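Heads up, the thing below is written out as structure tokens.
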Amino acid sequence: MSATTTPVFTATGQNLSIGGIIHSEWIKLRSIRSTWWIYAAIVAITVGVGAQMSSSTSFAWFDGEVAQTGQQYAGVNVINLSTDINVLIVGVLGVLVISGEYSSGMIRSTLTAVPRRVPALLAKALVFAVVTFLIGAMAVAVTIPISIPLLAGNGIDIRLDDPHYWRAMIGSVGYLVMVGLIAFAIGACLRSIASGIATALGFVFVVPLGLGLVAGGAASQVWLQNLVALLPFNLGRALTSHPGYAEFVAPGSPLNRADGLWVLEPWQGALGLVVWVVVLFSVAIVTLKRRDA
């Protein structure tokens with residue numbers, strides 16, 4: 001007669017697989033009630049802002065026919081306007097997910113179970129990123145069928161065979177995830193909820209807008225405008241952009257830009273956000289290894 005032996009996970013964490021670490025982080029994330037309230041707010045804002053903007057957006061002010069690309073941008077814009085609000089919310093959540101463990105002291109238990117530390121950090125980030133992506137994708141998927149008929153009632157016909165439209169929709173979800181990871185990495189470096197949130201929101205939102213106002217539209221400040229374009233906020237704008245922007249802002253008229261001004265492609269926006277995530281996570285990993293819990 002043989003017996004099946006169930007492996008016991010010791011406090012040293014030597015037998016804990018990466019799957020086990022991810023599962024434990026998923027349990028921790030889903031057990032925090034505030035997490036789901038925040039995700040519910042993201043869904044509500046996406047749907048609410050998308051519906052409101054779709055019902056109020058039209059080209060009634062323009063005397064003529066708007067090109068299809070301009071109408072497509074309108075369809076993207078009414079949904080992506082909520083992204084600027086949601087990045088603030090997901091930024092706060094990203095900091096809370098990691099800094100909250102330091103504030104409560106739970107991080108000591110986590111690092112006791114996973115003494116190598118880095119797998120624990122990456123597993124936590126992975127779970128957070130996947131859940132954020134799924135929630136963001138669900139919010140956009142619910143908003144699109146609400147938005148299209150409302151826009152049609154205002155004379156804006158959205159074609160769903162436009163690959164740029166879908167790329168912008170997916171890009172808005174990806175932008176949300178990237179900002180969440182940037183905030184997560186900042187929270188892991190600072191280990192404080194208050195300073196983490198202030199730094200993350202300042203870096204993602206306040207600094208780009210402030211520098212953008214300073215740069216203005218003067219040709220002499222093109223270098224500063226190009227610098228601002230490399231910050232997460234504007235990289236996200238590039239990722240979620242649609243080529244019909246000019247026809248939406250000024251139908252039938254060319255959009256003049258200063259000489260030497262960078263106009264980033266969506267893939268460049270995505271690449272820039274990935275670089276920021278990698279750099280900040282590298283700093284967070286070094287910090288995690290060198291400091292006590």
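The values are calculated or read from the model by the stated rules, or taken from the named source; none is laboratory data. Please read all numbers here as calculations on a predicted model, not as lab measurements. Don't worry about glycine lacking a Cβ; one is built from the backbone with ideal geometry, like all the others, and counts go over all protein chains shown.
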*When you go through ASP161, ASP157 one by one, which is the residue that is farther than 25 Å from ILE285 by Cα, in contact (Cβ under 8 Å) with a residue 12 or more places away in the chain and more than 20 Å from the chain's Cα centre (by Cα)?*
ASP157
*Of these, ALA113, ALA141, which one is under 21 Å from LEU176 (Cβ atoms) and not β-branched (Val, Ile, Thr)?*
ALA141
_Checking ARG117 against (1) closer than 21 Å to GLY202 by Cα; (2) surrounded by fewer than 18 Cβ atoms within 10 Å (Cβ to Cβ), only one condition comes out false. Which one?_
(1)
_One residue from ILE135, ILE146 being modelled with pLDDT of 90 or more, part of a helix (DSSP H, G or I) and within 22 Å of SER55 (Cβ to Cβ)_ = ILE146
*Restricting to the stretch 156-195, what's the tally of residues that are outside any loop (DSSP other than H, G, I, E, B) and either within 19 Å of ALA125 (Cα to Cα) or among the hydroxyl-bearing types (Ser, Thr, Tyr) (or both)?*
22
_Selected residue (criterion: surrounded by the fewest Cβ atoms within 10 Å (Cβ to Cβ)) from residues of the stretch 44-76 that are among the small types (Gly, Ala, Ser) and under 13 Å from ASN154 (Cα atoms)_ = ALA60
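Residue-wise test of (1) of a type in the set (Gly, Ala, Ser); (2) at pLDDT below 85.
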site	(1), (2)
ASP63	no, yes
GLN68	no, no
TYR73	no, no
ASN77	no, no
ASP84	no, no
LEU93	no, no
VAL97	no, no
GLY100	yes, yes
ARG108	no, yes
*So which of ILE79, ILE85 ends up being β-branched (Val, Ile, Thr) and in contact with a Gly (Cβ under 9 Å, 6 or more places away or on another chain)?*
ILE79
*asked:* Checking the conditions here, which among SER99, SER103 is in contact with a Ser or Thr (Cβ under 8 Å, 6 or more places away or on another chain), more than 27 Å from GLN71 (Cα to Cα), surrounded by 22 or more Cβ atoms within 10 Å (Cβ to Cβ) and in contact (Cβ under 8 Å) with a residue 40 or more places away in the chain?
replied: SER99
*Based on what the data block shows, is THR112 touching a residue at least 12 places away in the same chain (Cβ under 8 Å) and surrounded by fewer than 17 Cβ atoms within 10 Å (Cβ to Cβ)?*
yes
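Matching residues to (1) assigned to a loop (DSSP other than H, G, I, E, B); (2) more than 30 Å from VAL142 (Cα to Cα); (3) under 26 Å from the mean Cα position of the chain (by Cα):
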{"position": "VAL43", "(1), (2), (3)": "no, no, yes"}
{"position": "TRP61", "(1), (2), (3)": "yes, no, no"}
{"position": "VAL90", "(1), (2), (3)": "no, no, yes"}
{"position": "GLY100", "(1), (2), (3)": "no, yes, yes"}
{"position": "ILE107", "(1), (2), (3)": "no, yes, yes"}
*asked:* Restricting to the stretch 207-221, name every residue that is at pLDDT below 80, surrounded by 15 or more Cβ atoms within 10 Å (Cβ to Cβ) and not small (Gly, Ala, Ser).
replied: GLN221
*asked:* Can you confirm whether LEU271 is surrounded by 12 or more Cβ atoms within 10 Å (Cβ to Cβ), at pLDDT below 85 and within 26 Å of the chain's Cα centre (by Cα)?
replied: no
